[in-house]
Amino acid sequence: MKKAIILASGGMDSLVTTAIAKNENDDIYLLHTNYGQRTEDKELMAFRSICSHYSPKDILIVNIDYLAQIGGNSLTDKSIDVPKNKLGEEDVPNTYVPFRNGNLIAIATSWAEVIGAQSIYIGAVEVDGSGYPDCRKIFYDQLEKAINYGTKEDTKISIKTPLIHKNKSEIIKLGKTLNVPFELSWSCYNNNDIACGECDSCILRLRAFDEAGIIDPIKYIKKMRRLSND
């Protein structure tokens, strides 16, 4: 019996990752975290809709608002502005929540040991993302080694990153072949009702749909036209 935990934020990448994991495993378990992010309510709503669609064996919703207490980023600290139309201008944008994915993988590992899951899936993207250091393949390769040193002898857990080397338009096209319900996902860093269309995440999403030749089913306040990579 193949069991997998999927880190499901409610975003586009984790949605496609959920579809992949559903096809590759007998049972899937979806893990969602509230960490004091600006769009916490909307992301949780998206997560619940995705759960209804994919019918996981079980779900776990965890509150880790200590990340908001630590701060240092614009997603949890409202005194720091979320950058607009600044994609690619910073090596690591202020939307990076320090070591967030490391925290999430640690929680998933604890759950995996209890339920006997062999895999943890995360929709990290290295080649066409925002440049976050905890979205690199080398990070997950080394973290997997640490996990298997720090768990019971009979525990063997793999970290699966099926999107890590794909660009965003490739992810959209893959999702289309998997009949992914993109209308259930949420990517905006700013708003809980209508996506802003100007933050890095919205721009990456809009550009990807445009390059894939597919219409994005969600609404935007300001729909940016395709951005070149020049």
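Each value in this text was obtained by applying a stated rule to the coordinates, not by laboratory testing. Model, not experiment: these values are computed from the prediction. Glycine also receives a Cβ, built like all others from the backbone with ideal geometry; neighbour counts cover every protein chain displayed.
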Shape call for the range 64-105, from the Cα gyration tensor axes a ≥ b ≥ c (a/c under 1.5 means rounded, otherwise prolate when a/b beats b/c, else oblate), comes out oblate
Principal axis lengths of the chain from Cα atoms, whole Å, largest first?
51, 39, 32
Taking H as built 1.01 Å from N, whose amide H comes closer than 5 Å to the amide H of G11, not counting residues under 5 places away?
W186
Explain nothing, just compute: Karplus ³J(HN,Hα) = 6.51 cos²θ - 1.76 cosθ + 1.60, θ = phi - 60°, for every residue of the range 68-73 in order, whole Hz, x for Gly and Pro.
6, 5, 5, x, x, 7
Going down the table (K57/K156; K42/K84; K2/K156; K168/K222; K137/K168; K42/K219), which pairs top 18 Å between alpha carbons?
K57/K156; K42/K84; K168/K222
Can you give me the three principal axis dimensions of the range 1-72 from its C-alpha atoms, in Å, biggest first?
40, 20, 17
Just name one of V125, I172, W111: the one whose Cα is farthest towards the positive end of the charge dipole of the range 50-180 (beta-carbon charges, Lys/Arg +1, Asp/Glu -1).
I172
Can you compute the helix-only [θ] at 222 nm over the chain? Use -39500 (n - 2.57) per DSSP H run of at least 4 residues, normalise by all residues, nearest 500 deg cm²/dmol.
-11500 deg cm²/dmol
